Structures are given as C-alpha cells and as structure tokens.
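What follows is a set of notes on a single structure, which appears directly below.
Every read-out reported here was derived from the displayed coordinates using simple, explicitly stated rules and does not represent laboratory data. All values derive from a computational prediction rather than experimental measurement. Every residue, glycine among them, receives a Cβ derived from its backbone with ideal geometry; neighbour counts consider all protein chains shown.
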Amino acid sequence: GSLIEQLTTEKYECMVCCEVVRIVAPVWSCQNCYHVFHLNCIKKWARSPASQAEDGHSGWRCPACQNASTQVPKTYTCFCGKVHNPEWNRNEIPHSCGELCGKKRQCLDCPHLCNILCHPGPCPSCPAFVTKTCECGQTRHSVRCGQSTKIHCSNVCGNTLNCGKHSCTQVCHAGKCSPCQLTAQQVCYCGSNFKEVLCGTKEEFSDGFGNFSCQNICGKKLNCGRHNCTQVCHPQPCQLCPRLPQVVYRCPCGQTPLSKLLELGCVERKICTDPIPSCGKTCGKPLSCGSYEFIHTCESLCHEGDCRPCSHTSNIYCRCGFKKKYDCFLFWVFFFLIAAITFMCDKRCNKKRSCGRHKCNEVCCVDTEHKCSLVCGRKLNCGLHRCEEPCHRGSCQTCWQTSFDELTCYCGESVIYPPVPCGTQPPECKKTCTRPHDCDHPVYHSCHNEEKCPPCTYLIQKWCMGKHELRSNIPCHLTDISCGLRCNQVLKCGMHKCRRICHKGECLIDEECKQPCIIPRLYCNHPCMAPCHPSSPCPTTSCCAKVRIAAISIATKLTDLQLGDSVEISRLITKKEMKQARLQCDEECLALQRNRRLAEALEIDDNSDPFNIRSSGPKYSDLLKEDARKDLKFVSDIEKEMRMLVEAVNKGKHTKKSHCYPPMNRDHRRIIHELAQIYGIESVSYDNEPKRNVVITAVKGKSICPSNTLTSVLDKEMQSRPPPPIPHYKQTDKSSGNGGLSKPLKEEPVIDYFDVQD
C-alpha cells in the first residue's frame with residue numbers, strides 16, 4: 001500500500017539518481033526487496049564496476065538489498081511481468097497492466113496463484129482454507145493455505161522406532177522420532193566380556209559367535225585339546241593348532257623339510273606335543289632390532305620358540321631424524337615401551353619461529369613452519385593497549401578498541417563524535433584558551449590539550465635581581481633578570497663590595513672574601529694586596545707594586561742601600577712624576593671597558609675570544625710566506641679577488657657567491673686553499689690533472705676580510721729587516737791607472753726577497 005501511494009502521488013525516489021519516479025517513466029522492480037528504480041538508472045548501475053559482486057562471477061548487485069542477479073534488465077514490463085511497455089491509465093496503479101497478478105506466492109506448499117490486480121511489492125498471503133493433518137497423522141484440521149505453522153494434536157505418536165521393536169511414547173511432534181533409549185546386553189566373541197548398548201544400534205546384531213571384539217587374547221581350546229588360541233578376540237572359529245603333524249612340514253628355522261630329516265633318522269611326530277626335529281644349522285631368522293640398511297639375524301642353532309637377544313647394536317631414529325645407538329638386548333627390554341610411544345630425542349630445535357623473534361626450542365621438533373604460539377604483546381599505535389594476536393612479523397594492526405563517548409577539546413567547542421578510534425588525539429580548537437593562568441594579562445594563545453599553558457609573553461616592567469634599575473619590555477614569565485651592572489653590595493668583611501654581575505641570592509654564601517686588602521702599608525702607602533683578612537693585621541710582606549724612580553735620586557741613595565739601610569721609595573718620586581706616570585684614557589680604553597662589561601653581563605669567560613677581537617690579525621704560516629715571496633703578483637691577485645668576493649656577498653642580497661679559477665698547478669692550488677681558510681671561504685678542487693681547478697665560495701656572515709693581507713705582512717717584514725751591506729771601495733794612490741778607485745775588498749751578494757726562483 002505504501003508503494004502504491006508513493007508511486008501514484010509521484011513521491012517515490014529512485015535510489016540511483018535520487019530523482020522522483022514519474023508515472024510515465026519506465027521502471028524496474030527488484031523481485032527480492034521490491035524497490036523500484038528507473039530502467040535507465042538500473043542499466044547504468046548494472047554496467048558499473050561498483051555493482052559487481054565480490055566473487056566477480058555472480059553478476060551485479062541490487063543497490064538496495066545487494067541481491068546478486070546475472071541478467072541485466074532490458075525491457076520495461078509491468079509488475080507481474082506479463083505486459084511490455086504498459087500504458088498509464090488514470091484508474092489503475094502506475095506501471096501495472098490492470099489484470100490479475102497470477103504470480104506464485106512465496107509459500108512453497110501453496111498451490112494457488114495471486115488473485116489481486118497487478119501490484120508492486122510482495123503478494124499477500126493466500127486467503128483459501130485447506131484441510132491438513134497433524135504431525136503424527138492421526139487428526140485432520142482446516143487452516144489457511146498460507147499458514148506456515150505446524151499442527152500438533154494431544155495424542156501419543158505411537159510410530160515404530162528405529163529398533164523395529166518398540167513404539168514412540170512422545171506426544172505428537174515434528175520430525176523423525178528419537179532413537180530408542182532402551183538398552184540391551186552384548187557379549188564379546190570370546191565370551192569373556194559383556195557390555196550394554198542402546199536398542200537398535202548396529203552393535204546389537206550378532207553373527208552367532210558374539211557381538212563385539214574385546215581386543216584380548218581369545219584363549220579358547222584349539223581342536224587339538226592341548227593348546228589355546230593365541231589370536232585376538234575374533235568372530236570366526238579358531239584356527240587349527242599350528243603344531244599338528246599334518247600342519248608342520250619343516251624344521252623350526254624353516255630351512256630343511258622334515259622329510260629329509262626323517263631320512264636321516266629323526267623320529268616321526270605323532271601328536272602336536274612331540275618336539276619338532278632340528279636341522280642343526282644356524283637359525284638365521286630376521287630379528288626385529290635390525291634396520292633397512294643392516295638386517296640382524298638370529299645366530300643360534302635351529303631352535304623352537306623365540307630367538308635370543310641380538311649381540312649387535314641398533315640405530316633408533318627419532319621422529320626428527322636424529323639417530324641414537326642402543327645395544328640390541330636393551331632394545332628387546334624396551335621393545336614394548338618403544339612400540340607403544342613415539343621415540344623422541346632430547347635435541348632442541350634452534351630454528352626461528354614464524355614471527356622471526358623467538359626460537360622454536362621444541363624437543364625433537366618435526367614442524368616445517370615453526371608457528372609461534374606466544375602472544376605478540378607489543379604496544380599498538382594508540383600507545384595504550386598491546387597486541388593480543390599470536391606473535392607475527394611486521395607491524396601490528398591498528399587498535400580495534402573504540403570509544404562511544406564524545407571527544408572534545410578542553411573548552412568543549414570542538415567535538416569529535418563517536419565512534420572514536422582508540423588513540424585519537426583531541427580535536428584542534430582555535431578558540432582562546434580558557435584555563436586558569438597565574439597572571440591577569442591578556443591571553444593570546446589558542447585552546448590546547450597540554451596541561452601546562454605556554455609562558456606569558458606580555459611585556460611589563462621588572463626590577464633586576466640586585467634592585468639596581470627598573471627594566472622595561474620584560475616578558476612576564478621571566479623571573480631572574482640581570483641588568484649587567486656590578487652588584488656593589490658590601491660584603492660581610494665590611495671592606496669590599498661584590499664584584500659579581502647583578503645576581504640572585506646572597507653574594508657569598510659559604511665562602512670568605514678573597515679580594516685583595518686595600519689597607520695602605522706603613523712605609524710605602526701602597527695597599528696590602530693580601531687576601532682579605534678583616535679580623536687580623538696585615539702580614540709583613542715585601543711590596544710588589546711597580547713604581548718609577550728617578551735615576552739621580554736612586555743613585556744618591558745607592559750608598560745607603562749598600563750599607564744595609566732602608567730607603568723609603570715614596571719620597572724619591574715627585575708629584576710631577578706621579579702625574580706623568582698616569583696616562584689619559586682614550587677611545588680604545590672606553591671600548592675595552594664597554595666590552596668587559598658586556599662580557600660580564602653575558603657571562604663570557606675572560607680568557608675566551610669568540611669573535612677574534614683580541615687577535616691582532618691573521619697568522620700566516622712560514623710555508624705560505626715563502627711561497628708568496630716566490631710569486632708575489634699571483635698572491636696579490638688571489639687576495640684581491642677574495643676581498644672583492646667577500647665584500648660583494650656581505651653587501652649583496654645573496655647568501656653565497658662563488659668564483660672559479662682557471663686550471664693551475666698543485667702549488668698554486670695549495671696557496672688558494674690556505675688563503676681561503678684565513679678569509680673564511682670554502683674552497684673545493686674539481687676535475688683531473690692537468691685541468692684541475694679551484695672553486696671558492698664566500699658565505700654571508702662567515703667570510704671576513706682580514707685587517708692585514710699577506711702582501712702587507714711581507715712588506716712590513718722587508719721594512720723591518722736591515723738593508724743589505726754597501727760594498728766598500730779602497731781609495732788608492734792617484735798615480736795608479738785605475739783613476740783613484742780600486743776593486744771592492746769583498747763583494748756582498750744583494751738578495752731580492754721578492755724574486756727568488758725555484
């Protein structure tokens with residue numbers, strides 16, 4: 001009824017295209033779920049790869065019920081399938097033919113066809129009444145044809161059970177009757193054991209000798225009347241006595257017929273108890289202790305009964321193939337024990353299991369796959385649970401546990417709705433953090449999942465640790481602030497002030513003041529300079545202060561010193577000399593003082609020189625200087641090119657600049673590499689000889705131009721050296737023919753240090 005109403009009012013939607021199914025549009029109806037689709041839509045869906053069944057051979061699946069069909073619909077038919085391309089009639093159901101449906105109903109036992117007009121959806125149940133018998137068949141009842149319930153009466157079933165002897169005592173029921181529950185007693189074939197079984201089972205039937213085998217030795221008397229049957233409990237009559245004269249034809253070892261032994265004079269046997277004549281040969285029967293490679297035989301003479309234990313050794317193979325040797329008599333002792341159980345060695349398997357992590361370690365292992373039975377136990381990707389699968393290779397699967405509670409951020413604005421996989425992080429929230437903060441400054445960071453908020457960066461004014469000055473633009477979270485000035489607080493000694501940079505806490509906690517004493521000496525008025533000693537007098541030591549003494553005054557007092565008298569040095573220096581001894585501070589002094597304060601504020605060691613401030617200039621090696629003297633023009637050009645490259649990269653926008661030199665020999669390349677280290681330039685050699693060249697690269701902030709170039713250093717060295725000696729000429733008599741001049745007394749070679757050849 002719902003389908004008819006929606007199709008008539010054009011409110012039914014096609015599940016493929018999600019459009020309304022019109023009255024005049026060709027449609028197709030699924031015979032399993034009865035959903036209605038556009039014919040063209042269902043054709044396109046059946047051809048698409050998404051509609052194919054999982055096995056790939058069952059056809060295409062219905063979009064609604066996933067029922068697989070092999071044939072793709074091609075024609076537009078009515079709901080009952082009798083009329084093709086039905087025409088729409090205002091008085092009839094849309095897409096129907098207006099005739100009786102006539103389709104077979106879903107009930108399997110209903111012989112009547114559907115008797116309503118052509119309709120969508122399933123056919124209604126059959127309204128006809130029929131007469132049906134109950135389950136036991138004793139009574140008859142009138143019920144609806146389509147009724148699927150079974151009819152039960154209150155009578156006893158009474159049908160014959162499976163044993164064929166007893167009847168069913170249950171009330172009218174469905175299906176077959178239960179097996180007979182009565183028991184019957186049975187006897188074994190040898191007649192020594194009894195047991196009870198259900199009536200009607202196959203074990204109940206007997207073949208005349210018994211009902212079952214008890215698996216014990218039969219023990220019945222044989223036909224000879226002297227021996228018992230040695231076979232396991234059996235249904236047929238016992239066999240003849242194996243020692244009867246008409247049965248035995250050979251000696252006990254079986255090598256010689258008894259007829260030959262009778263010819264040799266042996267006594268003929270009359271009854272089964274007479275001994276069997278022996279042939280006197282070696283028995284030679286195969287023993288059970290041997291193997292396929294080497295068969296052990298009995299070494300005794302022809303005899304009756306069982307053979308004696310073997311004197312050899314046997315190789316017993318365990319199930320893994322590792323053999324062990326045993327004496328055959330021990331094998332006979334443990335024969336029944338070894339036959340009852342599988343022999344296993346004590347060798348442990350050292351192969352890796354299937355997981356690749358653990359060893360097999362099984363005793364006498366015969367496995368080929370060596371599957372690991374341990375639990376994996378590694379942590380899953382969520383970090384909370386561990387893998388509970390058997391130990392395996394590779395990565396573990398994702399955590400299968402899921403939460404059905406909403407996962408929110410701290411403020412609750414962002415929400416992840418369930419189901420939420422285990423290990424999912426809380427959602428990111430762009431709202432302002434609402435957690436309680438230590439200060440009342442504005443909050444600029446977003447809502448976060450961490451318990452601790454980021455530090456407050458609001459700029460405020462704070463006093464330094466020594467209360468020297470009020471610093472501005474200090475982030476709120478900073479607590480220990482140093483102003484960079486000296487502490488200057490009076491120490492415990494009461495004489496000195498703290499020389500440390502503005503610090504936290506007390507100046508000297510467990511230490512004593514070690515600054516030099518400033519109390520003037522008695523004789524020279526210079527400070528004591530001994531370590532601070534507030535509670536004791538100054539020690540009597542010699543003064544180490546450096547002073548300027550007038551030469552004339554010290555000369556006049558020299559005689560007094562020689563005689564052992566003391567001289568007061570302070571009286572020998574005039575006030576004018578004292579003023580001259582002090583130099584006026586210049587810009588260099590101020591720069592050094594400023595750098596010292598900055599180093600103390602940054603806690604930089606006085607002995608360190610990170611920025612090469614104290615370095616007077618680059619240090620060139622003696623080998624580099626010697627090579628430069630050989631080819632000064634080459635070195636000058638190289639330095640000029642390097643200075644231009646460093647200045648260009650420091651002033652330009654690029655962080656790196658490179659320059660490629662032409663191919664040159666090894667000595668020139670070595671000079672470039674050494675100079676590049678001094679200038680802070682990267683240098684790399686490329687290509688092979690004789691075209692090997694050097695490429696230098698200057699980096700902004702790393703490459704520098706030294707204050708003294710190599711050529712300027714060589715010039716200063718040349719200027720500081722003494723000039724070469726001038727040759728002296730001897731003045732002679734004017735009468736000589738040499739014009740008053742003679743040859744030099746000795747020629748001194750003039751060395752040009754800038755033109756030395758190899």
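Here is how the numbers come out for the structure above:
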| item | result |
| --- | --- |
| The stretch 400-492 - Rg and Dmax from Cα coordinates, angstrom | 21.6, 70 |
| Efficiency of FRET from Cβ geometry, His385 and Asp109, R₀ 60 Å, rounded to 0.05 | 0.65 |
| All lysines inside 30 Å of Lys195 as judged from Cα atoms, apart from same-chain residues fewer than 8 positions distant | Lys165, Lys176, Lys220, Lys221 |
| Under 5 Å, built H, 5+ apart or other chain: amide partners of Cys365 | Cys349 |
| Sites Thr434 and Cys18, calculated FRET efficiency, Cβ-Cβ separation with R0 41 Å, nearest 0.05 | 0.40 |
| Taking the stretch 19-76 and dividing mean pair separation by its residue count, relative contact order in percent (alpha carbons under 8 Å, at least six apart) | 29 |
| Phi to ³J(HN,Hα) by Karplus 6.51 cos²θ - 1.76 cosθ + 1.60 over the stretch 33-50, Hz, x for Gly, Pro | 10, 6, 6, 10, 10, 5, 4, 5, 5, 6, 5, 5, 5, 5, 7, 6, x, 5 |
| Potential lengthening between Lys700 and Glu135 on full extension [0.36 nm per residue; Cα-Cα distance subtracted] | 193.1 nm |
| Linear extension gain, Cys33 paired with Glu99, 0.36 nm per residue minus alpha-carbon span | 21.5 nm |
| Approximate spin-label separation Ser373-Gln397, in nm, with each point projected 7 Å along Cα-to-Cβ | 2.3 |
| Label point distance in nm, Met664-Thr201, each placed 7 Å from Cα along Cα→Cβ | 10.9 |
| Under Karplus coefficients 6.51, -1.76 and 1.60, residue-wise ³J(HN,Hα) of the stretch 425-441 in Hz, glycine/proline x | 6, x, x, 7, 10, 9, 6, 5, 4, 10, 6, x, 10, 6, 10, 9, 7 |
| Of Lys462/Lys497; Lys640/Lys702; Lys103/Lys132; Lys619/Lys640; Lys625/Lys653; Lys44/Lys82, those spanning more than 28 Å from alpha-carbon to alpha-carbon | Lys625/Lys653 |
| Nearest-0.05 FRET efficiency for Gln185 and Glu268, computed from C-beta distance (R0 45 Å) | 0.35 |
| Extension gain (nm, one decimal) between Val232 and Ile217, 0.36 nm per residue minus Cα-Cα | 5.0 nm |
| Cut-off under 5 Å, modelled amide H: who pairs with Asn67 long-range | Cys62 |
| Prolate/oblate/rounded label for the stretch 622-711 (Cα gyration tensor, a/c 1.5) | oblate |
| Amide H within-cut-off set for Trp463, under 5 Å, with H built and near neighbours excluded | Arg471 |
| Options Cys126, Cys177, Asn193, ranked by Cα towards positive dipole end of the stretch 124-196, top entry (Cβ charges) | Cys126 |
| Restricting the stretch 32-132 to GluC sites (Glu not before Pro) in coil, as DSSP defines it, with at most 12 other Cβ within 10 Å | Glu54, Glu87 |
| Rg [Å, one decimal], Dmax [Å, integer] - the stretch 1-124, C-alpha atoms | 14.9, 45 |
| More than 18 angstrom apart: percent of Cα pairs within the stretch 91-218 | 71 |
| Separation of the Leu623 and Trp463 label points, Cα + 7 Å toward Cβ, nm | 6.3 |
